[in-house]
Amino acid sequence: MKNRIIAALMAAGVLFTAASCSGTPEETWRESPPETQTTTTATTTEADITTETTEDKEQPSSEKVITDAPDIDAQLMLIAANFDFLYFSYYGAGLTISDNFEGGFFAVADLNHNGRLEVLITKCEEYDYFSTTNVFEVSEDCSSLDKFKLNGNDRQDQNGDFSMSTDYEDHIALYDCYLKDGEYYYLIEDYMTDDWENKMIAYFSYSFDGEITRDIIGGCEFHAQKGDGLTTVDTMLHGAGDELFASEEAYLDYMDSYWSGYERQPSCEIKWMCFDWQGADPSADGFQEAVKESYEAFNPDSDVVASITYNYHFVLDVFFSENGSVDIEYVIKDS
């Protein structure tokens with residue numbers, strides 16, 4: 001029964017994830033609490049930020065044509081002036097940085113290549129169980145930061161977070177990028193766990209054209225049983241809908257074919273910054289320096305190749321074999 005329930009959730013794109021946070025196994029599959037709806041702000045400032053302009057920054061050859069985009073320095077000033085809005089609209093009024101165990105991360109980028117910057121904010125949900133990502137974009141007249149809806153909804157959730165999945169030393173995360181009909185799409189891998197025995201890996205497409213559009217591509221579900229020197233892993237290989245594949249080869253063929261018709265782009269680098277960057281007082285210069293540093297590290301034309309793989313053996317063989325101490329048998333279940 002549990003397999004059927006999880007398969008239904010998978011088919012509907014309703015996945016509950018621990019992402020980069022840790023939590024007790026029994027909580028992993030629940031929904032997040034409703035989020036307080038946010039508004040936009042129109043605060044500007046004379047913050048002293050000077051950085052590369054859009055023209056100075058090298059852009060991919062397939063970039064959208066940008067017309068009448070606000071000046072980059074003005075956009076960075078707007079973002080830097082709105083620490084309270086960005087932090088408290090997401091974390092809740094009255095919660096200070098020192099009260100938040102994570103501190104919270106943000107990144108500045110232009111993921112849809114329209115010349116107007118986005119601010120991505122990621123955090124763990126209550127009890128340190130989940131992570132979610134909110135996205136704000138500079139308005140056309142550079143007077144406000146407007147929150148993107150997710151698939152038409154104001155409320156965000158933990159499904160396939162566009163977030164920093166690993167706390168790299170330099171906080172730079174790398175994302176696969178594709179282009180189709182002038183719109184940029186990003187491949188996101190989401191790893192979920194419901195205790196040692198139960199795992200799920202899901203793959204999502206993200207785009208940011210006026211709102212966040214998130215589509216599930218597919219994924220795989222695992223239920224392991226330990227035996228005498230052998231771990232048997234019941235494996236369900238999902239498509240985007242209710243399809244279950246009867247073989248690993250069919251599943252990989254489907255996953256590899258998803259991006260046919262798209263133009264592969266260079267990988268995209270995003271630098272996540274902590275709101276408590278270097279312990280800076282947000283009323284001083286620390287936040288605006290962090291905003292500038294994140295933007296200047298944003299690189300939509302990276303020479304580094306992203307390494308997401310649909311081959312689940314690469315992710316799970318070492319884990320289920322307990323570092324090679326036991327044998328593994330994956331049993332494909334298609335019903």
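Every number in this text was worked out from the coordinates using simple rules, so none of it is lab data. Keep in mind that this is a model prediction, so the values were computed, not measured. Glycine also receives a Cβ, built like all others from the backbone with ideal geometry; neighbour counts cover every protein chain displayed.
Computed quantities for the displayed model
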| read-out | value |
| --- | --- |
| Efficiency of FRET from Cβ geometry, Ser143 and Asp327, R₀ 45 Å, rounded to 0.05 | 0.10 |
| Added length on full extension, which subtracts the Cα-Cα distance from 0.36 nm per residue, Asp253 to Asp215 | 11.8 nm |
| Zone residues, region 301-335, relative to Trp196, backbone N less than 12 Å from point 7 Å out along Cα-to-Cβ | 320-323 |
| Cα centre as origin, Lys/Arg/Asp/Glu Cβ charges: region 196-315 dipole, Debye | 200 debye |
| Inter-label distance, nm, simple model (7 Å from Cα along the C-beta direction), Ile308/Ser260 | 2.0 nm |
| Rounded Å value of the spacing that divides the Cα centres of region 212-269 and region 284-306 | 32 Å |
